[in-house]
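The values are calculated or read from the model by the stated rules, or taken from the named source; none is laboratory data. All figures in this text were calculated on a predicted structure; none of them were measured in a lab. Don't worry about glycine lacking a Cβ; one is built from the backbone with ideal geometry, like all the others, and counts go over all protein chains shown. When the accessible area is computed, the model is the full protein with side chains, heavy atoms only, and any ligands, DNA or RNA have been set aside. Shrake-Rupley method; radii C 1.70, N 1.55, O 1.52, S 1.80 Å.
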Amino acid sequence: MSRSQNTFLIKLSAAVVMTPLLMEGNSGGPPAGRTGAPRSSGFESTCAAAGCHTGTGNPFNTGIEMNFGSGGANYRPGGPRVTFTMTLPTASVYGFQMSARVASDAANAQAGTFTPATGQGVLCADGGDRPASGCRAATPIEYLQHSDAALRSNAITIQWTPPATNVGDVTIYVAANSANGNGSTSGDRITVQNFTLKPAAGTSNAPAIRADRPVLQAFSGSTGISPGTWVEIYGANLATATREWSSNDFTGAKAPTSLEGVRVKVAGKDAFVRFISPTQVNVQVPDGIGAGNGIQVELANAAGSNTTTVSAAAVSPALLTTPTFNVGGRQYVAALFPDFRTFVGREGLIAGVPFRPAKAGDTIIIYAVGCGATNPASPAGEIVPAARNLASPITVRFGQTTATAQAFLAPQAIGLCQFNVTVPNVAAGDIAIDATVNGVATGQTLFTTIGN
Ligand code: HEM
């Protein structure tokens, strides 16, 4: 196994993060995602985007006055809705878009929730109006804004309910338009500003695991876990630092069971901590956790601990894919050719990434987690010295056609299983691909592409 394969395997076993969608109206309210807030890459545009509002712009972060009321620029976790007043530079008509984010994860984490006042509305990051049930978990970011028509007053009421737990600092991002009322985009004054709200004094900053889908399996985002698989734990105050494990954290081939004082126990057993941040912690589930519902997951750090429960089974297979492999609404498996460089898929599927369709007889490599025990056994939390065959039978199907495949725990990695699959003779084009381990399916809806 070459160095590049090694580095690739190590990197691959860490590839687990999420991200949001945007899309393009007018005085009746701008399109979602125009507050200048951070995005997974770069920053959102604002009202002054090319082809939109022109005129005089205020120097960044000046021009808007925010009166947060008696509590000042603080918030009380779990506290009641608060009302504050935003005053824009004077003009004829006004508009704004606002977003509230967890400062430590501003691109992804919504903080609290908005209640629209008269003449206002709330959009979700997917571009749609916020339904009564709130924005979808995949696109949680909310945008409060003027709606239906430009506002007549520059004193704007904002109603915001703080988050249930102490999420650390909250940043409010605003892009506002003090417009001349000419019914067009010219001659307006755009102001882009952000404000920080701090947790009120005396607020506990003990870790708080989120209530909705607290623990998700890597690659699939499913809620079931198994010994040796990789999971992401979500919440607030989970850690005060953001970092991944490094070789210094290892004891020989043994992975760390804590990073910067952050420790996770599953069914009372130490998990292996790979990545920490205030809002997400990634760990490998230890062996010997048992099976069933109500399996305890406890996260502890210097400020305290918090516990949630999950369901566990002997295996919980999930094939490697990421949000980037969702193209045109279709989720493709991240399968590789044996050069460990070229992915399986139609050319150009993802810009800048080498792809080609697979042909009958080709060998392709698919990584997975949640494959359960090996024979001989390979303890969780240890770098696997050599390939270890899975103890359970596996199947891989292209549509209704079963492929020849073998699976093993990949060497020089931790908890990563590798499927080597011979592509069967099936029709060219996109085809559904799934796998089972010990008869247990992944539950994922994945595709791959066959060429002539
Ligand atoms: C947060 C960002 C934005 C705010 C607060 C905002 C606000 C407003 C306001 C107050 C007006 C009325 C202007 C007037 O009568 O003088 C307006 C009009 C308009 N805006 Fe925006 N806008 C924003 C973003 C955008 C963007 C990104 C575009 C382009 C895609 C856009 C396109 C237009 C157009 C074409 C009009 C004139 C037609 C109409 O009234 O709908 N706006 N906007």
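Every residue, every condition in (1) among the aliphatic types (A, V, I, L, M); (2) closer than 19 Å to Ser45 by Cβ; (3) away from the ligand (no atom under 16 Å from the Cβ), yes or no:
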position: Phe60; (1), (2), (3): no, yes, no
position: Glu65; (1), (2), (3): no, no, yes
position: Ser70; (1), (2), (3): no, no, yes
position: Pro77; (1), (2), (3): no, no, yes
position: Val82; (1), (2), (3): yes, no, yes
position: Thr87; (1), (2), (3): no, no, no
position: Ser92; (1), (2), (3): no, no, no
position: Phe96; (1), (2), (3): no, yes, no
position: Ser99; (1), (2), (3): no, yes, no
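Looking at the range 213-221, can you tell me whether even one residue there is open to solvent by 20 Å² or more (accessible area, probe 1.4 Å), assigned to a strand (DSSP E or B) and more than 30 Å from Ala150 (Cα to Cα)?
No, the range 213-221 contains no residue that is open to solvent by 20 Å² or more (accessible area, probe 1.4 Å), assigned to a strand (DSSP E or B) and more than 30 Å from Ala150 (Cα to Cα).
For the range 149-166, check the following and say yes or no: at least one residue is modelled with pLDDT of 95 or more, among the hydrophobic types (A, V, I, L, M, F, W, C) and under 19 Å from the mean Cα position of the chain (by Cα).
Within the range 149-166 (the criterion being modelled with pLDDT of 95 or more, among the hydrophobic types (A, V, I, L, M, F, W, C) and under 19 Å from the mean Cα position of the chain (by Cα)), the answer is no, since none of the residues qualifies.
Of the residues that make up the range 95-104, is at least one open to solvent by 20 Å² or more (accessible area, probe 1.4 Å), more than 26 Å from Thr165 (Cβ to Cβ) and of a type in the set (A, V, I, L, M)?
Scanning the range 95-104 turns up no residue that is open to solvent by 20 Å² or more (accessible area, probe 1.4 Å), more than 26 Å from Thr165 (Cβ to Cβ) and of a type in the set (A, V, I, L, M).
From the set of residues in the range 101-120 that are touching a Phe, Trp or Tyr at 6+ places or on another chain (Cβ under 9 Å) and in a strand (DSSP E or B), which is farthest from the ligand (Cβ to nearest atom)?
Among residues in the range 101-120 that are touching a Phe, Trp or Tyr at 6+ places or on another chain (Cβ under 9 Å) and in a strand (DSSP E or B), the one farthest from the ligand (Cβ to nearest atom) is Thr113.
Can you tell me which condition Pro140 does not meet? The list is (1) within 30 Å of Pro317 (Cβ to Cβ); (2) within 16 Å of the ligand (Cβ to nearest atom), and all the others hold.
That leaves (2) as the condition not met.
What strands (runs of 3 or more DSSP E), lying completely within the range 244-303, carry at least 2 residues that are more than 18 Å from Ala380 (Cβ to Cβ) and in the same structural domain as Gly228 (by TED's automatic domain parsing)?
Numbers: elements: 262-266, 272-276, 280-284, 292-301.
Passing ranges, in order: 292-301.
Name the residue, out of Ile156, Ile190, that is more than 10 Å from the ligand (Cβ to nearest atom), open to solvent by less than 40 Å² (accessible area, probe 1.4 Å) and aliphatic (A, V, I, L, M).
Ile156
Enumerate the pairs (first residue in the range 359-376 and among the aliphatic types (A, V, I, L, M); second residue anywhere and open to solvent by 20 Å² or more (accessible area, probe 1.4 Å) and in a loop (DSSP other than H, G, I, E, B)) with beta-carbon separation below 6 Å, excluding pairs fewer than 6 apart on the same chain, so at least 6 apart or on different chains.
Close Cβ pairs satisfying both conditions: Ala360/Asn425; Val369/Phe219; Ala373/Ala391.
Just checking, how many residues over the range 98-120 are at pLDDT below 85 and touching a Leu at 6+ places or on another chain (Cβ under 6 Å)?
0
What tally of residues in the range 429-450 results from selecting those that are farther than 25 Å from Ala314 by Cβ and open to solvent by less than 20 Å² (accessible area, probe 1.4 Å)?
Residues in the range 429-450 being farther than 25 Å from Ala314 by Cβ and open to solvent by less than 20 Å² (accessible area, probe 1.4 Å): 3 in total.
Considering (1) within 16 Å of the ligand (Cβ to nearest atom); (2) under 25 Å from the mean Cα position of the chain (by Cα), say which one Cys135 fails and leave the rest.
Evaluating Cys135 over (1) within 16 Å of the ligand (Cβ to nearest atom); (2) under 25 Å from the mean Cα position of the chain (by Cα) leaves (1) as the failure.
Looking at (1) at pLDDT below 90; (2) within 16 Å of the ligand (Cβ to nearest atom); (3) among the hydroxyl-bearing types (Ser, Thr, Tyr); (4) surrounded by 18 or more Cβ atoms within 10 Å (Cβ to Cβ), which is the only condition Thr54 fails?
For Thr54, the exception is condition (4).
May I ask you to say which residue of Gly370, Gly399, Gly352, Gly415 is at pLDDT below 95 and closer than 29 Å to Arg330 by Cβ?
After ruling out the rest, the residue left standing is Gly352.
Among Gly329, Gly372, which is within 24 Å of Thr442 (Cα to Cα) and open to solvent by 50 Å² or more (accessible area, probe 1.4 Å)?
Gly329
Does any residue in the range 91-103 that is farther than 21 Å from Cys124 by Cβ come within less than 8 Å, Cβ to Cβ, of a residue that is charged (D, E, K, R) six or more places away or on a different chain, and which pairs are these?
Within 8 Å, the pairs are Ala91/Asp188; Ala91/Arg189; Val93/Arg152; Tyr94/Arg152.
Return the residues of the range 375-388 that are open to solvent by 60 Å² or more (accessible area, probe 1.4 Å), over 16 Å from Ala407 (Cα atoms) and touching a strand residue (DSSP E or B) at 6+ places or on another chain (Cβ under 7 Å); say none if nothing qualifies.
None; the set is empty.
Output the residues belonging to the range 342-369 that are touching a helix residue (DSSP H, G or I) at 6+ places or on another chain (Cβ under 7 Å) and open to solvent by 10 Å² or more (accessible area, probe 1.4 Å). Spell out how you get there, then give the answer.
Narrowing the range 342-369 to residues touching a helix residue (DSSP H, G or I) at 6+ places or on another chain (Cβ under 7 Å): 350, 367.
Correct list: Ile350 only.
Specify the residue that is least open to solvent (accessible area, probe 1.4 Å); the eligible residues are those in the range 193-208 that are of a type in the set (S, T, N, Q) and at pLDDT 90 or above.
Our first condition is that a residue be of a type in the set (S, T, N, Q); within the range 193-208, this holds for 193-194, 196, 203-205.
Filter once more, keeping what is at pLDDT 90 or above: 193-194, 196.
Details: Gln193: 15, Asn194: 48, Thr196: 65 Å².
My answer is Gln193.
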